[in-house]
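Each value in this text was obtained by applying a stated rule to the coordinates, not by laboratory testing. Since we're looking at a predicted model, the values are computed, not measured. Note that we place each Cβ from the backbone using ideal geometry, even for glycine, and neighbour counts take in every protein chain shown.
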């Protein structure tokens, strides 16, 4: 049923797209106007003018549905609005975010065939979207096609492609493209090396990463703090703290000043070895080395305290931060909320969430998810539902595991109408349980009151 509906929408979209791009006229270059020179015969320096909002682009931002976006594009065309690169790039971004890559490719073909001048930023954004959708081959193909769009391909898009390939696990392809950089006219920079070094370290290939680091030095490409952080982070995770500290000192001697993240990585390594006091001392010592502590450093200490069940110490550290005029962010609060919920102290976690809002820090999706899960864990489903509603109001969405925890708890408690509400919200967001979960749900609902029949009908409807 759903696949048929998807095909129908795709056919309609293709029809609208084809109709909307038939006879669009473009003006991509501004001609030089006479008289635009100073009395010395030099071009006048144009005074900066605020950009005039483009009506179509403004309207497009208010639309969520990709089909509606294409319809609006066509409506503006019929009204006589002349679409140009800004219109097409905005529409492509909208379609890419919706993962409608077939429509994206159709638009790209039109842009190329009509010689519409593009900016490299458009292709970089698409390469990233392909990467997020695990379509790395499309990212490679698009990168190679950039010159066909009358657009200069630079090291920036090259590096973005490398990063997408590494994140998609295609390290061999990334290494091959990396090695062919000079043939493509690129001189690799520190970012290029950092991406491949990160790839080797993620695979646990320390020797390969070190070899690349040496190659970097031989080519007179200066390592950055990011380079050192990757190496130090790996050593700390593998427990080689002596070598990590030695590398920390080495980077300082070479004039590369460690940043807060560098110290946080070492602190995390010390905490993993049970050396909390040494990690705390390092955070206070780093100021004497010219690096002011950041929230990430406090976060490392709070996380370690939470893991060891020292919640009161973690709360005290949060108060200490405030006294030192550090403003905690949502990540910092989430650390405390997470461990309070894990300890079964959901009411305290909720109080912390309210406090952070009072102090001007808004919850994110992770905050809400932890609170819903926390209330479910202690069986307070009324409060879990209230948090869920607040989550929907703030336009966040739970994970499937959170929905499952809530639905199964409501069914076991005989609250079938509330369970139906949650299932309806899942359906609105096109989220569904795996097939083996439905049997458990039916058993839970049938074990309660007579209302199980209605829920069973709904479950069968959703599973069909």
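Summary table
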{"quantity": "Sites residue 421 and residue 394 - FRET efficiency at Förster radius 22 Å, r taken between beta-carbons, to 0.05", "calculated": "0.75"}
{"quantity": "Ranking of 300, 225 by count of other Cβ atoms within 10 Å, fewest first", "calculated": "225, 300"}
{"quantity": "Mean separation of Cα contacts under 8 Å, 6 or more apart, over the residue count of segment 218-343: relative contact order %", "calculated": "18"}
{"quantity": "Cα centroid of segment 276-290 to Cα centroid of segment 198-220, whole Å", "calculated": "29"}
{"quantity": "Pairwise FRET efficiency - residue 148 versus residue 316, Cβ, R0 = 60 Å, nearest 0.05", "calculated": "0.50"}
{"quantity": "Sites residue 243 and residue 156, calculated FRET efficiency, Cβ-Cβ separation with R0 22 Å, nearest 0.05", "calculated": "0.05"}
{"quantity": "Residue 252 versus residue 359: modelled label distance in nm, points set 7 Å from Cα along the beta carbon direction", "calculated": "3.1"}
{"quantity": "Coordinate range along principal axes, alpha carbons of segment 107-160, Å, largest first", "calculated": "30, 23, 15"}
{"quantity": "Protection proxy ranking of 159-171, 314-326 - average other beta-carbon atoms within 10 Å, highest first", "calculated": "159-171, 314-326"}
{"quantity": "Over segment 175-215, equivalent-ellipsoid semi-axes from the Cα gyration tensor in Å", "calculated": "19, 10, 8"}
{"quantity": "Label point distance in nm, residue 219-residue 277, each placed 7 Å from Cα along Cα→Cβ", "calculated": "4.7"}
{"quantity": "Sorted by Cβ neighbour density within 10 Å, fewest at the top, the residues 253, 399, 429", "calculated": "253, 429, 399"}
{"quantity": "For 292, 245, 94, order by how many other beta-carbon atoms lie within 10 Å, fewest first", "calculated": "292, 245, 94"}
{"quantity": "Cα gyration tensor category, rounded, prolate or oblate, for segment 350-398 with a/c compared to 1.5", "calculated": "oblate"}
